[in-house]
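Before any comments, here is the structure.
The values are calculated or read from the model by the stated rules, or taken from the named source; none is laboratory data. Since this is a predicted model, take the numbers as computed values, not measurements. In this analysis, Cβ positions are derived from the backbone assuming ideal geometry, glycine residues included, and neighbour counts consider all displayed protein chains. Side chains included, ligands, DNA and RNA excluded: accessible areas come from the protein's heavy atoms. Shrake-Rupley method; radii C 1.70, N 1.55, O 1.52, S 1.80 Å.
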Amino acid sequence: MRAELESYYNLKIKEFENGANRQIVDTVHTKEETKRIRDELTALREKLSAHEIRIAQLLRDLEMTRRDKEVCERDWDERNHGLEGDVMRLRSEMEAMLKELQNIIDAKLGLEMEIAAYRRMLEGEESRTGLRLIVDSALEHKSSDSGLLGFVNQVLDNRTSVSEGGYSARTSFQKSAKGPVAIYETAPDGKYVALENTGRKEESLGQWSLTRNVDGKDVANYHFADSFVIRPGDKIKLWARGEKPPSASSLDLEINQLWGVGLHIETTLINPSGEPRATHTQKTTYG
C-alpha cells in the first residue's frame, strides 16, 4: 500500500514539475515576443515621426508652390489684358487702314472709269463744240486745288451739254436666273446688291457666294452664312460696308465688303457646287 502511494505521489510531482517547466518556457517565449513587439513598435513610431516631418515639409512646399502659382496667374492676367488691348488697338488701326485702302481703290476705279469716258469724248470731239466746252472747263479749273478727279467729275456732271456734240452715257442691264432666287437689282453706284425669292418655298443659301467683277477685275466675293435663308417673296438688299441707311428694311444686311463701280459690272450668285445660279450684268457705254 505504501509503495503504491509513493508511486502515485512521485507521478504527481513529475506532472507538476513538467507543468512548471512548460510555464517557464511559455513565460520566456512571451517575454521574447513582447520584447520583439516593443522593438517593432519603437521602429514604427520612429518611421511615423519621419513621415510626419516629411509631410510637414511637403505641405510647406505645396503652400509655396500655390503662392507662386497665384503670382504667376496675376502676372499672366496683367500681360493678357495688355496684349488684348494691343490686339484691339492694332485691329482698329488695321480696319481703318483697310477702309482707307478700299476707299482709295474705289476712288481709283471711279477715276479710271471717268478718265476712260473723258478720253473717248476727247477722241471724238476734236473738231466739235463738245471739245471746246471741255477745254474751256479745263482752263477754268487749271489753277484749282481739286485736281484731275474734281475736273473730270464736273465734266461728267455737265455731260448733258457735251451730249449736244453727239455723246451721251447709256447704261443697260441684263439678268438671268436658273432657280427661284434671282439678283433683281444692283445699285449703279455700287451701294447694294438685291436678291429676290420668286418661288413658293423658303430657300437656303448656306455656303453660297455672291461674286462681283468690275471691268475685268474681281472686287468682291461674299460668302453667305450656313443659316442664311430667304423666304418666298422676300427681297433682301446686301449693302456695302458703311452704306446701309437707317431707313433700310429689317431684312437688309450690311456686309464687310465694297461692291465697286465701273463701266462693265457682272454680279453672279454661285451655289456650293460652284455653279452660277443667277447673274446680273450692267454695262455703261458712251456714244
Q) In angstroms, what radius of gyration and Dmax does the stretch 162-259 have, counting Cα atoms only? A) 15.6, 54
Q: Mind putting together the pair-distance distribution for the stretch 225-287? All Cα pairs, 10 Å bins, whole percent per bin, short to long.
A: 16, 40, 37, 7, 1
Q) Can you give the FRET efficiency for residue 198 and residue 93, using 1/(1 + (r/R0)^6), R0 = 51 Å, r = Cβ-Cβ distance, to the nearest 0.05? A) 0.70
Q: Taking 7 Å along the Cα-to-C-beta vector as the label spot, tell me the residue 33-residue 77 distance in nanometres, rounded to one decimal.
A: 6.4 nm
**Q.** Percent accessible area from carbon and sulfur atoms, the stretch 245-287, protein chains only, probe 1.4 Å
**A.** 50 percent
Q. Which value, in Å² and to the nearest 10, is the accessible area of residue 109 when all protein chains are kept and the probe is 1.4 Å?
A. 20 Å²
Q: Give a quick list of GluC sites (Glu not before Pro) in the stretch 196-287 that DSSP marks as loop, anything other than H, G, I, E or B, with at most 16 other Cβ atoms within 10 Å.
A: 202
Q.
Greater than 30 Å separation of Cα atoms is the criterion. Which listed pairs, 108/178; 12/35; 244/283; 99/178; 108/244; 47/69, meet it?
A. 108/178; 12/35; 99/178; 47/69
(Q) If I stretch the segment between residue 57 and residue 4 completely, what's the gain in nm (0.36 nm per residue apart, minus their alpha carbon distance), one decimal? (A) 11.2 nm
Q | Solvent-accessible heavy-atom area per residue, rounded to whole Å², over the stretch 1-119 at 1.4 Å | A | 91 Å²
